[in-house]
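Below is one structure; the comments refer to it alone.
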Amino acid sequence: MTAEPLPEHPDFLWRNPDPKRSYDVVVVGAGGHGLATAYYLAKNHGITDVAVLEKGWLAGGNMARNTTIIRSNYLWDESAAIYEHALKLWERLPEELDYDFLFSQRGVLNLAHTLQDVREGVRRVGANRLNGVDAEWLEPDEVAKVCPILNVSPRTRYPVLGATFQPRAGIAKHDHVAWALARRADELGVDLIQGCEVTGFLKDGDRVVGVETNRGRIHAGRVGLAAAGHSSVLAERAGIRLPVQSHPLQALVSELHEPVHPTVVMSNHVHVYVSQAHKGELVMGAGVDAYNGYGQRGSFHVIEQQMAAAVELFPVFARAHVLRTWGGIVDVTPDASPVIGRTPVENLYVNCGWGTGGFKATPAAGWTFAHTIATGEPHPLNAPFALDRFTTGALIDEHGAAAVAH
């Protein structure tokens, strides 16, 4: 990794229009998924009479509060397909959007500290290869070659017994991703409306026909929810109970350092993941706080445990200083897989339950959600992620591969 200068910021990114009285499609939530959905509605389906409503500021929710890891090495076929589609879109989006959002394919290591971790990792590598996902199993000496600053001594409290490695995985600068999608969606005619909170839904029988907002009623042919941690709150206003629980998820960054960390390291066992951002700060994430909540800060003991684990894995960071911490709100389903599809309310669609997988799936989530909204039918990639799997039992259990927050 090298310290890269940030690209020059454009003078203009998007308009700031007042909402119209009606749109063909209203998307609730101007995070990565909402913006990607609007972009692909316009680009792939020619639907440009679209409003994206955001109660705060654009990309001020989980899009601004994640650790920007991108990978596709999930276990099950359904998950590997949609996350791999996302990774392929990530690889071409900088050119397509004409915006350098610092997508860096530096690889991701998922460490194994127990024999159970080893068995799960080897199994997942095999499953990944069958699905066309680049994946390798590395022994401890090979792990050390990929990340020389990682402590692979067998005498540590959490010895590294091996790791899965996906070379095409990496990171991107999250706010630049949002700005790139917003600028292109705006150019295609989408209205991005900030400070516009959805407070209710307009219905005609069992069909949604618009939304109530703090800026008045907005009629819509179809409404898509992409509100991450607040999805269940919004859905309840439409009379739907989603199988989702919301938790605080914390992360932190250190002061700036010279480039020393060449890849992304994740450890489910000790609940930490670490990368080094483009400017040089270390970016670290942890597991969710155990309680349900909508607060954007978590408990101190989670940070304390996370830092202790990070220092054991990376003794070189022992004297690094934490610069700031923050929390997002992740929405988690019982099988640690997302929901993308129709709801029991006609013309109302939902994209939620991504847990910690939301950022990495951004382009594929937008691609498939736009298809579902535009056609009324699921895309083959998101068909398995329908709401009815929680009644049919066709669950996609990704607790093992979904990372430390599940």
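Things worth noting here:
- Filter result (at negative phi, part of a loop (DSSP other than H, G, I, E, B) and of a type in the set (A, V, I, L, M)) within segment 358-403: A361, L381, A386, L387, A394, L395, I396, A401, A402
- Members of segment 220-230 that are part of a helix (DSSP H, G or I) and open to solvent by 20 Å² or more (accessible area, probe 1.4 Å): A228, H230
- Among the residues of segment 46-60, just one is surrounded by fewer than 20 Cβ atoms within 10 Å (Cβ to Cβ) and of a type in the set (D, E), namely D49.
- Any chance G355 is buried (at least 20 other Cβ atoms within 10 Å of the Cβ), out of contact with any helix residue (DSSP H, G or I) (no Cβ under 8 Å at 6 or more places or on another chain) and without any contact (Cβ under 8 Å) to a residue 60 or more places away in the chain: yes
- Look at (1) under 23 Å from I340 (Cα atoms); (2) in contact with a Leu (Cβ under 6 Å, 6 or more places away or on another chain); (3) surrounded by fewer than 21 Cβ atoms within 10 Å (Cβ to Cβ) and you find that P243 fails only one, number (2).
- Residue within segment 283-301 that is part of a helix (DSSP H, G or I) and open to solvent by 20 Å² or more (accessible area, probe 1.4 Å) present: yes
- Hey, V233 part of a helix (DSSP H, G or I), touching a residue at least 24 places away in the same chain (Cβ under 8 Å) and out of contact with any strand residue (DSSP E or B) (no Cβ under 6 Å at 6 or more places or on another chain) or not: yes
- Those residues of segment 135-192 which are assigned to a loop (DSSP other than H, G, I, E, B) and within 18 Å of N16 (Cα to Cα), in sequence order: L188, G189, V190
- G355 on the phi > 0 side of the Ramachandran plot and in contact with a strand residue (DSSP E or B) (Cβ under 7 Å, 6 or more places away or on another chain): yes
The values are calculated or read from the model by the stated rules, or taken from the named source; none is laboratory data. Everything quoted here is computed from the prediction, not taken from an experiment. All Cβ positions, even for glycine, are placed from backbone atoms using ideal geometry, and neighbour counts span all protein chains on display. Just so you know, the surface numbers come from the protein's heavy atoms only, side chains and all, with ligands and any DNA or RNA stripped out. Shrake-Rupley method; radii C 1.70, N 1.55, O 1.52, S 1.80 Å.
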